[in-house]
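Participant: One structure coming up, written as structure tokens, with questions to follow.
The values are calculated or read from the model by the stated rules, or taken from the named source; none is laboratory data. Bear in mind that the values here come from a model prediction, so they are computed numbers and not experimental data. Positions of Cβ are backbone-derived with ideal geometry, glycine not excepted, and every protein chain shown enters the neighbour counts.
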Amino acid sequence: MPELIAALFTLLAQAAAAVNPALLVRRRRRLRRLADHARGIAVRVPCDLRDRGLTADRWCEGHLELPPGGAAGPVRWYAEGAPAALPAGFPPLEPVSADELSVAFRSEDGATELRLHPDEAPMVLRVLRAGA
């Protein structure tokens, strides 16, 4: 009997590890951001950005702050570890690649590239297009 309990415990531990709780937490946070923005609350969307003006043409992790309700107000860029946000004006962006973890967008001249999660891409693009 103790062997059966140990085997069952091992099976449950392996199943819990396979579920990857970090992915579940990130998904819940994404859904909360989408719901908050739909209710008219400003949200910060995690992303990677490469831009000649904002990041000196280097890839940087950070957040885009989307204004409340969509188009009212500027989009701001918060670089990871930076003390202040910068107003971010984006040229039109077109999708260039996608997988289950990220969607990449690039401006026509290649000066700006943005990577974010596919669940949040429609919301971010809607706001960026409305602000252009």
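Participant: Among the residues of region 91-115, what is the count of those that are out of contact with any Phe, Trp or Tyr (no Cβ under 8 Å at 6 or more places or on another chain) and under 19 Å from Arg33 (Cβ atoms)?
Facilitator: Of region 91-115, the ones out of contact with any Phe, Trp or Tyr (no Cβ under 8 Å at 6 or more places or on another chain) are 91-92, 97-106, 108-111.
From the residues that got through so far, the ones that are under 19 Å from Arg33 (Cβ atoms) too are 100-103, 105.
Final tally of qualifying residues: 5.
Participant: Another question about this same structure. Got at least one residue in region 15-25 being modelled with pLDDT of 75 or more and either surrounded by 10 or more Cβ atoms within 10 Å (Cβ to Cβ) or part of a helix (DSSP H, G or I) (or both)?
Facilitator: Filtering region 15-25 down to residues modelled with pLDDT of 75 or more leaves none.
Scanning region 15-25 turns up no residue that is modelled with pLDDT of 75 or more and either surrounded by 10 or more Cβ atoms within 10 Å (Cβ to Cβ) or part of a helix (DSSP H, G or I) (or both).
Participant: Can you say whether Arg32 is surrounded by 13 or more Cβ atoms within 10 Å (Cβ to Cβ) and of a type in the set (Lys, Arg), as far as the supplied structure shows? Don't jump to the end; show me each part of the working.
Facilitator: On the way: surrounded by 13 or more Cβ atoms within 10 Å (Cβ to Cβ): no; of a type in the set (Lys, Arg): yes.
Criteria not met by Arg32.
Participant: When you scan region 80-87, do you find a residue that is modelled with pLDDT of 85 or more and surrounded by 13 or more Cβ atoms within 10 Å (Cβ to Cβ), even just one?
Facilitator: Looking through region 80-87, none of the residues is modelled with pLDDT of 85 or more and surrounded by 13 or more Cβ atoms within 10 Å (Cβ to Cβ).
Participant: Within region 96-120, how many residues are part of a strand (DSSP E or B), surrounded by 11 or more Cβ atoms within 10 Å (Cβ to Cβ) and either among the β-branched types (Val, Ile, Thr) or free of Cβ contacts under 8 Å to residues at least 24 places away in the same chain (or both)?
Facilitator: Of the residues in region 96-120, 8 are part of a strand (DSSP E or B), surrounded by 11 or more Cβ atoms within 10 Å (Cβ to Cβ) and either among the β-branched types (Val, Ile, Thr) or free of Cβ contacts under 8 Å to residues at least 24 places away in the same chain (or both).
Participant: Follow-up. Sort out which residues of region 80-95 are in a loop (DSSP other than H, G, I, E, B) and not aliphatic (A, V, I, L, M), and write them in order of number. Show your work before the answer.
Facilitator: Just the residues of region 80-95 that are in a loop (DSSP other than H, G, I, E, B), to begin with: 80-85, 88-92.
Those that are in a loop (DSSP other than H, G, I, E, B) and not aliphatic (A, V, I, L, M): Glu80, Gly81, Pro83, Gly89, Phe90, Pro91, Pro92.
Participant: Now for a separate question. If I filter region 42-53 for residues that are modelled with pLDDT under 90 and surrounded by fewer than 12 Cβ atoms within 10 Å (Cβ to Cβ), do I get at least one hit?
Facilitator: Taking every residue of region 42-53 in turn, none turns out to be modelled with pLDDT under 90 and surrounded by fewer than 12 Cβ atoms within 10 Å (Cβ to Cβ).
Participant: Name the pairs whose Cβ atoms lie under 6 Å apart, with the first residue in region 29-53 and closer than 19 Å to Pro74 by Cα, the second part of a helix (DSSP H, G or I) and acidic (Asp, Glu), and 6 or more positions between them or separate chains?
Facilitator: Between residues of region 29-53 that are closer than 19 Å to Pro74 by Cα and residues that are part of a helix (DSSP H, G or I) and acidic (Asp, Glu), the close pairs are Val43/Asp36.
Participant: Kindly indicate whether any position in region 64-74 is at pLDDT 85 or above and loosely packed, with under 12 Cβ neighbours inside 10 Å.
Facilitator: Residues of region 64-74 that are at pLDDT 85 or above, as a first pass: 64-67.
Subset that is loosely packed, with under 12 Cβ neighbours inside 10 Å: none.
No; the residues of region 64-74 include none that is at pLDDT 85 or above and loosely packed, with under 12 Cβ neighbours inside 10 Å.
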